[in-house]
Amino acid sequence: MATYDVLTIGNAIVDIISRCDDDFLIDNAITKGAMNLIDAERAELLYSRMGPAVEASGGSAGNTAAGVASFNGRAAYFGKVARDQLGEIFEHDIRAQGVYFQTEPLEDGAPTARSMIFVTPDSERSMNTYLGACVEFGPEDVEERVVAESKVTYFEGYLWDPPRAKEAILACARIAHANRREMSMTLSDSFCVGRYRGEFLELMRSGAVDIVFANRDEALSLYETQDFDLALTKIGADCKLAAVTMSEEGAMIVRGGERIHVPATRIGQLVDTTGAGDLFAAGFLHGYTQGRSLEDCGRFGCLAAGIVIQQIGPRPMASLAEAAKKAGLA
């Protein structure tokens, strides 16, 4: 009997979200639509230039855990914060969502990670992330019992940036598979794929990862092609199950040669795309761990993504479980 439906592992980050125009990105040499890794000095500089901002606990996998919990799923999370004010904010927020989180905070060294997210008028988000304490996440932070008792362990591709996290992820894969559980990952963004393409493909082809989440650009980058159909064929051959999102066109679920198209959820106003992929994964994994059909899993994912892009911030403000009931998915 599993204690948790989904365990997520990621960079524990507090998001600082502000609106700006495209000229601001150009003037500050920010790559639009990407996650840009920055050092402490640049973090201070960008923070000083930001307009009014909203602070919210984030990090890709943390958002996914919060989404699973909002569906009334049983979620757990591994991630490293420092024992400082932002670390306390992160701990409070994720536990308040109903997520199990007991990773020991860093006592000395770098502060808790933060990501300055600039949202342009087209609702695209450009992230500038100082990893701080995140880079100290390692094998000693893996709680073997939690991995063994989670139906699916999910991690973000961004974890391939801090080196010790790789060891922790591979340890989790061994524990999960030894206990007949599954491993899942998100490719995170196309720039991340560009940095670690070979390693990501090895994780998939070796069977270390069972379920892969990607968006269209990430799938194309993974296989270095502009042929989306070819990318879908290849990803279907390289892993047990893949879910590829396509923005307003919905998502394609791929299992071997089988493809299932799930339309996007209709929305009112697009406000902020931050967290869309994270919440899609939350919805999909919630459905998956409840034994729902792949089409229903995709519908849960599209519903969650559609809700989060109509608000500022990457974590749902309203109950996803209630939304699922209204949508006839409960």
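The values are calculated or read from the model by the stated rules, or taken from the named source; none is laboratory data. Keep in mind that this is a model prediction, so the values were computed, not measured. Reconstructed Cβ throughout: ideal geometry from the backbone, glycine too, with neighbour counts over all protein chains shown.
Consider region 121-160 and keep the residues that are modelled with pLDDT under 95 and of a type in the set (Val, Ile, Thr). The one that is farthest from the chain's Cα centre (by Cα) is Val135.
Report those strands (runs of 3 or more DSSP E) wholly inside region 79-182 carrying at least 2 residues which are under 25 Å from Leu45 (Cβ atoms) and free of Cβ contacts under 8 Å to residues at least 60 places away in the same chain. Walk me through how you get there before you give the answer.
Working: elements: 113-119, 125-130, 150-156.
Strands (runs of 3 or more DSSP E) meeting the threshold: none at all.
Out of all the residues in region 103-113, which are under 19 Å from the mean Cα position of the chain (by Cα) and either more than 14 Å from Asn11 (Cα to Cα) or surrounded by fewer than 21 Cβ atoms within 10 Å (Cβ to Cβ) (or both)?
Within region 103-113, the first condition is being under 19 Å from the mean Cα position of the chain (by Cα), and the residues that meet it are 103, 112-113.
If the condition is that a residue be under 19 Å from the mean Cα position of the chain (by Cα) and either more than 14 Å from Asn11 (Cα to Cα) or surrounded by fewer than 21 Cβ atoms within 10 Å (Cβ to Cβ) (or both), then Thr103 is the only one that fits.
Evaluate region 29-49: report whether one residue or more is farther than 26 Å from Leu187 by Cα and of a type in the set (A, V, I, L, M). Yes.
Restricting the search to region 18-44, which residues are over 21 Å from Asp161 (Cβ atoms) and not charged (D, E, K, R)? Write out each step before concluding.
So the first thing to find is which residues in region 18-44 are over 21 Å from Asp161 (Cβ atoms), and the list is 18-28.
Ser18, Cys20, Phe24, Leu25, Ile26, Asn28, listed by residue number.
Among the residues making up region 110-130, those that are touching a strand residue (DSSP E or B) at 6+ places or on another chain (Cβ under 7 Å) and not polar (S, T, N, Q) are Ala110, Pro111, Ala113, Arg114, Met116, Ile117, Phe118, Val119, Arg125, Met127, Tyr130. Criterion applied to Ala237, Ala176, Ala242 was being buried (at least 16 other Cβ atoms within 10 Å of the Cβ), more than 23 Å from Ile117 (Cα to Cα) and over 16 Å from the mean Cα position of the chain (by Cα), and the one residue passing it is Ala176.
With respect to the conditions (1) buried (at least 24 other Cβ atoms within 10 Å of the Cβ); (2) touching a Cys at 6+ places or on another chain (Cβ under 8 Å); (3) among the small types (Gly, Ala, Ser), Gly301 falls short on a single one, namely (2). Selection over region 248-295 of residues that are assigned to a helix (DSSP H, G or I) and either surrounded by fewer than 15 Cβ atoms within 10 Å (Cβ to Cβ) or of a type in the set (Val, Ile, Thr) (or both) gives a count of 4. Take the conditions (1) touching a helix residue (DSSP H, G or I) at 6+ places or on another chain (Cβ under 9 Å); (2) at pLDDT below 95; Asp108 misses just one of them, which is (1). When every residue of region 53-70 is checked against the conditions, none turns out to be at pLDDT 95 or above and among the charged types (D, E, K, R). Taken across region 306-329, residues that are surrounded by 24 or more Cβ atoms within 10 Å (Cβ to Cβ) and over 28 Å from Ala34 (Cβ atoms) do not occur at all.
On the stretch given as region 48-60, residues that are within 20 Å of Glu88 (Cα to Cα) and in contact with a Lys or Arg (Cβ under 8 Å, 6 or more places away or on another chain) total 3.
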